[in-house]
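Participant: Sharing a structure with you now.
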Amino acid sequence: MADLTMTRLHEIMVILQSVSLVFYFIDYLNKERLAHRIAVGLLSIVWLLQTVFLVMYMVEMKRFPILSLFEGIYFYAWLIILLSLVLQFVFRLDLPAFFLNMIGFIFMTIHTFAPNQMEQSHVGDALRSELLFIHITFAFLAYAAFALAFVFSTLYLILFRVLKKKKWTKQFSRLPSLNQAENGMTMSIVTGIPLLFVSLVLGLQWGYVSIEMFSIFDFKIVNSFIVLVIYIVVLLLRKRATIIGTNYAWIHIYAFLFVLINFLLGSQLSQFHLWY
């Protein structure tokens, strides 16, 4: 029972930190102070929980927990998050803190779902199953965000065409403005990118601990990373005002078509992403 409780708490920390990453990303791109406060608050909760577990482990083992790789990874994740919080609270350096949080999340995920821990624990199979569940959930959330970007891009093109031809009718009165549609595209991928990143990190960890002949060059994995890179490039081009207007809308449509190909065809060509 104690093992199961500790496992659940560590899973909660991973989820909280992943959600924190999403809000950090939103804050970095749009200077949303509310998003920043939520991100810092969630990360602070994670660090406090880590600290409690670290102290409990020290009391139980009567030593500092850095004598094994498994212990070292946990301490390193704790240290990285501490440094991230110090950079924010003391030096007001948000961007370095954001990247440190990404590193801390990766190491926290490795620790929580480490192969050795799963083999030694009575809840190893449950851990694998829940890791897969979290991975798939975040992937679907990312795909939903990209679908929303696709919807906004389609509405943008419709509205642009209507305004250009001056054929405005009451049926179009519920359409968002061009500015709202454009902001909707951006906010959607700003949310989807970190969600997909989290999903890929968790998915790689699941594959490593669950599949005997796991390969990072699996068709679905490679395509998922390509999708992530495509949307990151789109976002960077948008921030630099390289693509605007209808070009920005069309590139979202093309990007989402690639998402659909990855979602539907990628699973069929993958060695282990098999749906029946």
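Participant: Among the residues that make up segment 88-107, is at least one of them charged (D, E, K, R) and in contact with an Asp or Glu (Cβ under 9 Å, 6 or more places away or on another chain)? Full working, then the answer.
Facilitator: Residues of segment 88-107 that are charged (D, E, K, R), as a first pass: 92, 94.
Right, trim to in contact with an Asp or Glu (Cβ under 9 Å, 6 or more places away or on another chain) and you get 94.
Yes, that holds for at least one residue.
Participant: Right, next: From the list L54, L42, exactly one residue is within 30 Å of T191 (Cβ to Cβ), in contact with a helix residue (DSSP H, G or I) (Cβ under 9 Å, 6 or more places away or on another chain), hydrophobic (A, V, I, L, M, F, W, C) and open to solvent by less than 70 Å² (accessible area, probe 1.4 Å). Which is it?
Facilitator: Details: L54 fails: within 30 Å of T191 (Cβ to Cβ).
Going through L54, L42 in turn, the sole match is L42.
Participant: From I221, I193, I244, grab the single residue that is of a type in the set (V, I, T), out of contact with any strand residue (DSSP E or B) (no Cβ under 6 Å at 6 or more places or on another chain) and closer than 19 Å to L265 by Cα.
Facilitator: Of the residues listed, the single one that is of a type in the set (V, I, T), out of contact with any strand residue (DSSP E or B) (no Cβ under 6 Å at 6 or more places or on another chain) and closer than 19 Å to L265 by Cα is I221.
Participant: May I pose another question? Are there any pairs with C-beta distances below 7 angstrom linking a residue in segment 52-66 that is polar (S, T, N, Q) and in a helix (DSSP H, G or I) to a residue that is open to solvent by less than 90 Å² (accessible area, probe 1.4 Å) and at pLDDT below 90, with the two at least 6 apart or on different chains, and if so which?
Facilitator: No pair meets every condition.
Participant: Further, regarding this structure: Among (1) more than 24 Å from the chain's Cα centre (by Cα); (2) on the phi > 0 side of the Ramachandran plot, there is one condition K31 misses while meeting the rest; what is its number?
Facilitator: Failing condition for K31: (1).
Participant: Right, F98: open to solvent by less than 30 Å² (accessible area, probe 1.4 Å) and in contact with a helix residue (DSSP H, G or I) (Cβ under 7 Å, 6 or more places away or on another chain) or not? Before you say what the answer is, go through the steps one by one.
Facilitator: Numbers: open to solvent by less than 30 Å² (accessible area, probe 1.4 Å): yes; in contact with a helix residue (DSSP H, G or I) (Cβ under 7 Å, 6 or more places away or on another chain): yes.
When the stated conditions are applied, F98 passes them.
Participant: Right, something else. For S44, which of the numbered conditions (1) of a type in the set (G, A, S); (2) over 16 Å from L9 (Cα atoms); (3) within 23 Å of the chain's Cα centre (by Cα) fails to hold?
Facilitator: Evaluating S44 over (1) of a type in the set (G, A, S); (2) over 16 Å from L9 (Cα atoms); (3) within 23 Å of the chain's Cα centre (by Cα) leaves (2) as the failure.
Participant: Here's a follow-up. Being open to solvent by less than 50 Å² (accessible area, probe 1.4 Å) and more than 30 Å from S188 (Cα to Cα) narrows it down to one of F91, F70, F75, so name that one.
Facilitator: Details: F91 fails: open to solvent by less than 50 Å² (accessible area, probe 1.4 Å); F70 fails: open to solvent by less than 50 Å² (accessible area, probe 1.4 Å).
None of the other options fit; the residue is F75.
Participant: Would you point out which residue out of L79, L85 is over 22 Å from Y208 (Cβ atoms), assigned to a helix (DSSP H, G or I) and in contact with a helix residue (DSSP H, G or I) (Cβ under 7 Å, 6 or more places away or on another chain)? I'd like the intermediate steps shown before the answer.
Facilitator: On the way: L79 fails: in contact with a helix residue (DSSP H, G or I) (Cβ under 7 Å, 6 or more places away or on another chain).
After ruling out the rest, the residue left standing is L85.
Participant: Looking at Q205 and the list (1) outside any helix (DSSP H, G or I); (2) within 28 Å of R128 (Cβ to Cβ), which single condition is not satisfied?
Facilitator: Evaluating Q205 over (1) outside any helix (DSSP H, G or I); (2) within 28 Å of R128 (Cβ to Cβ) leaves (1) as the failure.
Participant: Search segment 135-146 for residues that are open to solvent by 50 Å² or more (accessible area, probe 1.4 Å) and in a helix (DSSP H, G or I) and pair each with any residue that is of a type in the set (D, E, K, R) and modelled with pLDDT of 90 or more when their beta-carbon atoms are under 8 Å apart and the residues are at least 6 apart or on different chains.
Facilitator: none
Participant: Next question. Out of the residues in segment 208-252 meeting the condition of being of a type in the set (S, T, Y) and not in a loop (DSSP other than H, G, I, E, B), tell me which one is farthest from M102 (Cα to Cα). Break it down stepwise before answering.
Facilitator: Filtering segment 208-252 down to residues of a type in the set (S, T, Y) leaves 208, 210, 215, 224, 231, 242, 246, 248.
Going one step further and asking which of them are not in a loop (DSSP other than H, G, I, E, B), we end up with 208, 210, 224, 231, 246, 248.
On the way: Y208: 20, S210: 23, S224: 18, Y231: 18, T246: 33, Y248: 28 Å.
Restricting to residues being of a type in the set (S, T, Y) and not in a loop (DSSP other than H, G, I, E, B), the top hit is T246.
The values are calculated or read from the model by the stated rules, or taken from the named source; none is laboratory data. Please read all numbers here as calculations on a predicted model, not as lab measurements. Cβ sites come from the backbone with ideal geometry, for glycine too, and all protein chains shown count toward neighbours. Calculation scope for accessible area: heavy atoms of the full protein, side chains included, ligands and nucleic acids excluded. Shrake-Rupley method; radii C 1.70, N 1.55, O 1.52, S 1.80 Å.
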